[in-house]
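The values are calculated or read from the model by the stated rules, or taken from the named source; none is laboratory data. Bear in mind the structure is a predicted one, so any value in this text is a computation, not a measurement. Note that each Cβ is placed from the backbone with ideal geometry, even for glycine, and that neighbours are counted across all protein chains shown.
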Amino acid sequence: MSDQVFVAMSGGVDSSVAAALLLERGEDVVGVWMRLVPGGVDSDAPRCCGTDQAGEDARRAAATLGIPFYALDYAEIFGKQVVDRFVDSYAYGETPNPCVSCNHHVKFDALLRDVVAKFGGSRLATGHYARVADADDGTRRLLRARDAAKDQSYALYMLGQRELRRTVFPIGELANKGETREIAARFDLPTAAKAESMDICFVGGYQIEKVQNGYPHFAFRHNADWEHNNILLSLMHAEDLMVEGFVCCYSDILFTSDVVRGVLRHPADIVLSVDTRWLERYQHRTQHPPDDAEKVTINNGLVTRVHRGISPSEAHGEYTGIAKFTPAGAAKLREHFHRARQEFSGKPFREASVFEKAYLIHLYQEMIEAGIKMAHADTPGNYMEVDTQEDFDLARKHWIGESER
């Protein structure tokens, strides 16, 4: 076995700096990137993980450092152990952390095993903000990072002695993220200014602190002016997290994992989830008539119109509020948003009295009419909106989550 240190390079600044620091210490460093989705298909991956663009960023960082670089395929195990588990857990009403599953099943199991058995490496380094130290009894202990604000030791709780004896966290001793970026700039790393990645982002205004207290591991964007805007502007508070693609959903809906899988697995750049059995739910909704539903018409697999004014008899279904955007789809959304805001800020925009009060579907329709293709992923139910007290009572009485099936 050699004394080489293999660095799991995600394509972000943290793992790039981890490799740089080890190289600076005189270690024999090898960069390795994990492909987590099938080649050329980024739709199933969270923005922090092994997409093609992330792999290219990792390769460029390794080239800048002058270290060997390998790309390994873990798409199958990632799909089964991370994506499927995440979707199922979320549908059960839990708040899963996909990075914990990825660390457990992919990075510190499959990858570490390959580093040792196939490549003969002695250690695996990552860009986690955490530390490992020797205890008096001869064991290895996982410690919090120096920077409490960036500490990620909680996502590594499952590591045992086998993993800890072969694991290195070079950036765990750094003072803060600013120091990480300073080091990246010193090494002229192409990832020095790359935006951070998040798993789940909650955009809120009214009483957002209650959600923050209940789910501290989420990323948050505060829509402080929530009383004077609407869904569209609220979503765009998270624009900085959209670059590498995302899935969004309204905050007042219930849905099963199949609904999420439908949009994730569709190959189109923009995919809207559509409930084709939507009228069945409206039979009991006296406070929310079908006329108010965000209905959809389609043709040859594409959405042709999304509008409340569509006749129920003409509608293919109701937009659930769930949509997927690949990096290319997200770029189109942002482009059309800024174009519309520049032209209509403070003025009427489609059915909205002013642009600031626009709904997300108003921008969707603007994009459709501009020639942007939006696909649809149909779900026969498995979705419910909770918009009124009556809806809440109906949900408590009729909603069947996956844990109850």
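Residue 245 fails exactly one of the following numbered conditions: (1) surrounded by fewer than 18 Cβ atoms within 10 Å (Cβ to Cβ); (2) on the phi > 0 side of the Ramachandran plot. What is the number of that condition?
Just one mismatch for residue 245, condition (1).
Give the residues of segment 48-69 that are farther than 23 Å from residue 241 by Cα and surrounded by fewer than 16 Cβ atoms within 10 Å (Cβ to Cβ), sorted by residue number.
Within segment 48-69, 63, 66, 68 qualify.
Quick check on residue 127: is it not hydrophobic (A, V, I, L, M, F, W, C) and not in a helix (DSSP H, G or I)?
yes
Mind checking whether some residue in segment 289-309 is of a type in the set (Val, Ile, Thr) and in a loop (DSSP other than H, G, I, E, B)?
No, segment 289-309 contains no residue that is of a type in the set (Val, Ile, Thr) and in a loop (DSSP other than H, G, I, E, B).
Go through segment 79-117 and report how many residues are within 27 Å of residue 5 (Cβ to Cβ) and in contact with a Gly (Cβ under 7 Å, 6 or more places away or on another chain).
Residues flagged as within 27 Å of residue 5 (Cβ to Cβ) and in contact with a Gly (Cβ under 7 Å, 6 or more places away or on another chain) within segment 79-117 amount to 1.
Return yes when residue 339 is surrounded by fewer than 17 Cβ atoms within 10 Å (Cβ to Cβ), in the same structural domain as residue 248 (by TED's automatic domain parsing), touching an Asp or Glu at 6+ places or on another chain (Cβ under 7 Å) and not aliphatic (A, V, I, L, M) and no when it is not.
Answer is no for this residue.
Which numbered condition trips up residue 251, out of (1) surrounded by fewer than 14 Cβ atoms within 10 Å (Cβ to Cβ); (2) part of a loop (DSSP other than H, G, I, E, B); (3) under 14 Å from the mean Cα position of the chain (by Cα)?
(3)
Consider segment 277-301. How many of its residues are modelled with pLDDT of 95 or more and surrounded by 14 or more Cβ atoms within 10 Å (Cβ to Cβ)?
Total satisfying the criteria: 5.
Could you grab the pairs with beta carbons closer than 6 Å, sequence gap of 6+ or different chains, first residue in segment 117-132 and over 23 Å from residue 147 (Cβ atoms), second one part of a loop (DSSP other than H, G, I, E, B)?
Short answer, once both residue conditions are applied: 120/1; 120/2; 121/4; 122/1; 122/3.
Any idea which residue in segment 193-229 is nearest to residue 31 (Cα to Cα), counting only those that are modelled with pLDDT of 85 or more and among the small types (Gly, Ala, Ser)?
Residue satisfying both the conditions and the ranking: 204.
If you scan segment 254-266, which residues turn out to be farther than 23 Å from residue 393 by Cα and either more than 17 Å from the chain's Cα centre (by Cα) or among the charged types (D, E, K, R) (or both)?
Residues satisfying the conditions are 258, 261, 265.
Among the strands (runs of 3 or more DSSP E) lying completely within segment 317-405, list those that include at least 3 residues that are under 29 Å from residue 52 (Cβ atoms), touching a helix residue (DSSP H, G or I) at 6+ places or on another chain (Cβ under 6 Å) and at pLDDT 95 or above.
Here the list is empty.
Only one of (1) in a helix (DSSP H, G or I); (2) farther than 19 Å from residue 32 by Cβ is not met by residue 108, so which one is it?
For residue 108, the exception is condition (2).
May I ask you to list the residues in segment 75-102 that are among the aromatic types (Phe, Trp, Tyr) and free of Cβ contacts under 8 Å to residues at least 40 places away in the same chain?
The answer is 86, and nothing else.
Could you list all residues from segment 1-30 that are closer than 16 Å to residue 193 by Cα and small (Gly, Ala, Ser)?
Within segment 1-30, 10, 11, 12, 15, 16, 18, 20 meet the criteria.
I want to confirm something. Restricting to segment 79-102 and keeping residues that are in contact with a His (Cβ under 8 Å, 6 or more places away or on another chain) and assigned to a helix (DSSP H, G or I), which single residue is surrounded by the fewest Cβ atoms within 10 Å (Cβ to Cβ)?
Of everything passing the filter in segment 79-102, 81 is surrounded by the fewest Cβ atoms within 10 Å (Cβ to Cβ).
Are there any pairs with C-beta distances below 7 angstrom linking a residue in segment 14-32 that is charged (D, E, K, R) to a residue that is assigned to a strand (DSSP E or B), with the two at least 6 apart or on different chains, and if so which?
Close Cβ pairs (under 7 Å, with a partner that is assigned to a strand (DSSP E or B)) amount to 27/5; 28/5.
Would you mind telling me which numbered condition in (1) touching a strand residue (DSSP E or B) at 6+ places or on another chain (Cβ under 6 Å); (2) surrounded by fewer than 16 Cβ atoms within 10 Å (Cβ to Cβ) residue 153 fails?
(2)
Test residue 178 against the stated conditions and say whether it is closer than 30 Å to residue 142 by Cβ and free of Cβ contacts under 8 Å to residues at least 24 places away in the same chain.
Criteria met by residue 178.
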